[in-house]
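Just below is one structure, and these are the notes that go with it.
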Amino acid sequence: MNRLRQVDPEIAAAIEAEAVGRAETIELNAATNLPDPSIIEAQANVMAHKTLEGYPGRRYHGGHHNVDIIENLAVERAKRLFGAEYANVQPHCGTHANLAVYLAVLNPGDAILGMDLTMGGHLSHGHGASFSGRFFNAHTYGLDRETEGIDYDGMRRIAREVRPRMIVCGGSSYPRIIDFRRFRDVADEVGAYLLADIAHVAGLVAGGVYPSPVPHADFVTFTGYKTLKGARGGVVLCKRKYGSRIDSAVFPGIQGSMHVHLMAGKAVTFRLASLPDFKVYAEQVVKNAQALAGCLSEMGYRIVTGGTDTHVVLVDLRNQGITGAEAQERLEEAGIICNKNRIPFDPLGADRTSGIRLGTSAVTERGFRESEMTLLAEMMDRALSGKSRVEEVRREVKALCRHFPLGPGNFQNETPGPGGGC
Ligand code: DSN
């Protein structure tokens with residue numbers, strides 16, 4: 001970054017500090033991952049400065065030959081990876097992908113039904129702070145108080161009452177398998193479209209360790225950078241019959257010129273996710289999450305739903321006398337990055353929360369296995385409970401990070417880690 005250091009040293013310094021910090025900290029943010037350097041190369045190049053609109057065969061600017069190659073490859077690979085009839089790889093993010101689906105088949109004021117944000121849904125599924133709750137008549141379903149799993153009967157009851165034009169399933173902090181067929185049945189019963197937003201679990205679906213919504217949903221949206229371990233940006237998959245409506249909704253409906261570099265990154269992401277190794281990675285992500293949940297549980301932490309089927313572990317901190325916001329801060333001081341998160345029926349608001357959300361996608365890519373999850377759980381407990389000084393835990397985190405340096409091919413590294421048994 002020599003030129004950047006010269007032109008704008010403050011920005012260069014912030015970027016460099018982030019790179020150093022990343023090497024020395026443990027990333028447990030469930031919405032992030034460590035992409036292969038090939039994906040970073042595909043995203044950071046001359047294509048980042050290419051300006052054009054339209055689709056292959058229907059461009060509005062000249063000079064599109066190489067872009068067409070990239071977009072066609074990204075579309076074909078997305079379809080093949082998920083077994084979908086149609087794909088649009090232009091959305092700049094997951095929320096845009098959802099917005100495009102709404103615009104394609106809904107009118108302003110139509111009723112939609114999505115999972116409540118506080119129960120694990122997403123802002124773009126009908127929350128009042130988002131376009132989805134402002135422009136549509138949004139209703140929510142939630143969880144069963146006992147099991148903390150989706151209350152499917154309650155969802156059906158609300159659907160029969162409000163007759164939504166669109167039902168949305170999927171979420172950002174729901175750790176269990178979603179019964180997509182059950183959603184399909186309810187959508188059919190009330191005449192609604194079904195949108196499955198699998199932004200968080202797309203990599204687990206691609207890796208075959210989480211059921212695919214593609215056979216059941218009219219529309220499937222996702223991002224590339226969470227469990228899929230790849231590029232930024234969103235994707236819409238759909239039945240062929242909706243393809244042209246989705247294309248028009250993305251461009252010119254909600255976006256102008258496309259991010260060609262991100263489409264290149266997405267194409268590489270889909271290629272890597274189709275390799276046999278990726279299945280092993282996806283399996284290990286879930287094994288690690290289950291090991292982390294198990295260890296924390298043995299230490300007295302309450303895990304929402306009692307465990308996980310995914311990369312997400314949602315921890316209820318109410319019996320620890322600490323809020324999610326305090327926990328996030330204390331863990332960050334120790335070098336462990338996660339986010340405060342509301343738990344189901346949380347008495348606290350989004351700024352404080354009673355829980356934290358942990359995710360194992362990035363640490364798994366870094367090479368951590370179940371034994372490191374044990375070490376991690378112990379370090380987290382000591383930092384959160386105050387049993388150890390935070391500086392002491394920070395030193396141990398740095399030592400563990402040194403054992404697993406960042407770089408390509410970490411996941412394939414078979415060198416045993418320093419962890420012990422739970
Ligand atoms: N959807 C947000 C999250 O889950 O944290 C960011 O991608």
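I'd like the residue in the stretch 3-39 that is closer than 24 Å to residue 277 by Cα and aliphatic (A, V, I, L, M) and, out of all such residues, is farthest from the ligand (Cβ to nearest atom). Per the stated criteria, the residue is 23. The set of residues from the stretch 83-100 being open to solvent by 20 Å² or more (accessible area, probe 1.4 Å) and among the β-branched types (Val, Ile, Thr) comprises just one member, 95. In the stretch 345-363, the residues that are more than 20 Å from residue 115 (Cα to Cα) and touching a residue at least 40 places away in the same chain (Cβ under 8 Å) reach residues that are within 13 Å of the ligand (Cβ to nearest atom) and of a type in the set (Gly, Ala, Ser) with C-beta atoms within less than 6 angstrom, at least six apart or across chains, in these pairs: 359/30. Among all residues of the stretch 122-129, there is at least one that is open to solvent by 40 Å² or more (accessible area, probe 1.4 Å), away from the ligand (no atom under 16 Å from the Cβ), touching a Lys or Arg at 6+ places or on another chain (Cβ under 9 Å) and closer than 17 Å to residue 171 by Cα.
Listed by position, the helices (runs of 4 or more DSSP H) inside the stretch 150-209 whose residues that are within 15 Å of the ligand (Cβ to nearest atom) and under 19 Å from residue 310 (Cα atoms) number at least 3 are 202-206.
Answer yes if at least one residue in the stretch 310-317 is more than 16 Å from the ligand (Cβ to nearest atom) and either over 26 Å from residue 58 (Cβ atoms) or in contact with a helix residue (DSSP H, G or I) (Cβ under 8 Å, 6 or more places away or on another chain) (or both), and no otherwise. Yes: the stretch 310-317 contains one or more residues that are more than 16 Å from the ligand (Cβ to nearest atom) and either over 26 Å from residue 58 (Cβ atoms) or in contact with a helix residue (DSSP H, G or I) (Cβ under 8 Å, 6 or more places away or on another chain) (or both). Condition first: of a type in the set (Val, Ile, Thr) and away from the ligand (no atom under 13 Å from the Cβ). Now tell me which residues in the stretch 210-236 satisfy that. Those that are of a type in the set (Val, Ile, Thr) and away from the ligand (no atom under 13 Å from the Cβ): 214, 220, 235, 236.
Taken across the stretch 166-174, residues that are out of contact with any Cys (no Cβ under 8 Å at 6 or more places or on another chain), of a type outside the set (Ser, Thr, Tyr) and open to solvent by 40 Å² or more (accessible area, probe 1.4 Å) do not occur at all. Within the stretch 237-262, the set of residues being crowded, with 22+ Cβ neighbours inside 10 Å and either of a type in the set (D, E, K, R) or within 16 Å of the ligand (Cβ to nearest atom) (or both) comprises 262 only. Could you please let me know if residue 52 is assigned to a loop (DSSP other than H, G, I, E, B), over 30 Å from residue 379 (Cα atoms) and more than 16 Å from the ligand (Cβ to nearest atom)? Yes: the conditions hold for residue 52.
Residues in the stretch 315-338 that are under 27 Å from residue 34 (Cα atoms) and open to solvent by 20 Å² or more (accessible area, probe 1.4 Å): 325, 326, 328, 329, 330, 332, 333, 337.
Just a yes or no: is a residue in the stretch 265-273 open to solvent by less than 10 Å² (accessible area, probe 1.4 Å), among the charged types (D, E, K, R) and within 26 Å of residue 36 (Cα to Cα)? Among the residues of the stretch 265-273, at least one is open to solvent by less than 10 Å² (accessible area, probe 1.4 Å), among the charged types (D, E, K, R) and within 26 Å of residue 36 (Cα to Cα), which makes the answer yes. Determine the pairs where a residue that is farther than 17 Å from residue 218 by Cβ, located within the stretch 147-176, has a partner that is among the polar types (S, T, N, Q) and within 16 Å of the ligand (Cβ to nearest atom) with Cβ atoms under 7 Å apart, the partner being 6 or more residues away or on another chain. Filtered contacts from the stretch 147-176: 173/341; 175/308; 175/310. Please work out if residue 400 is aliphatic (A, V, I, L, M), in contact with a Leu (Cβ under 7 Å, 6 or more places away or on another chain), crowded, with 16+ Cβ neighbours inside 10 Å and not in a helix (DSSP H, G or I). It is false that residue 400 is aliphatic (A, V, I, L, M), in contact with a Leu (Cβ under 7 Å, 6 or more places away or on another chain), crowded, with 16+ Cβ neighbours inside 10 Å and not in a helix (DSSP H, G or I).
Tell me which of these residue 104 doesn't satisfy, since it passes every other one: (1) more than 21 Å from the chain's Cα centre (by Cα); (2) farther than 25 Å from residue 262 by Cβ; (3) buried (at least 16 other Cβ atoms within 10 Å of the Cβ). Failing condition for residue 104: (2).
The residue list 243, 203 contains one member that is more than 26 Å from residue 159 (Cβ to Cβ) and within 23 Å of the chain's Cα centre (by Cα), which is 203. Restricting to the stretch 339-359, and then to whatever is hydrophobic (A, V, I, L, M, F, W, C) and open to solvent by 10 Å² or more (accessible area, probe 1.4 Å), can you tell me which residue is farthest from the ligand (Cβ to nearest atom)? Only one residue fits best here, namely 345.
The values are calculated or read from the model by the stated rules, or taken from the named source; none is laboratory data. Just so it is clear, the model here is predicted, and its values are computed rather than measured. Neighbour counts are summed over all protein chains in view; Cβ atoms, including those assigned to glycine, are modelled from backbone coordinates with ideal geometry. What goes into the accessible areas is simple: the full protein's heavy atoms, side chains included, and nothing from ligands, DNA or RNA. Shrake-Rupley method; radii C 1.70, N 1.55, O 1.52, S 1.80 Å.
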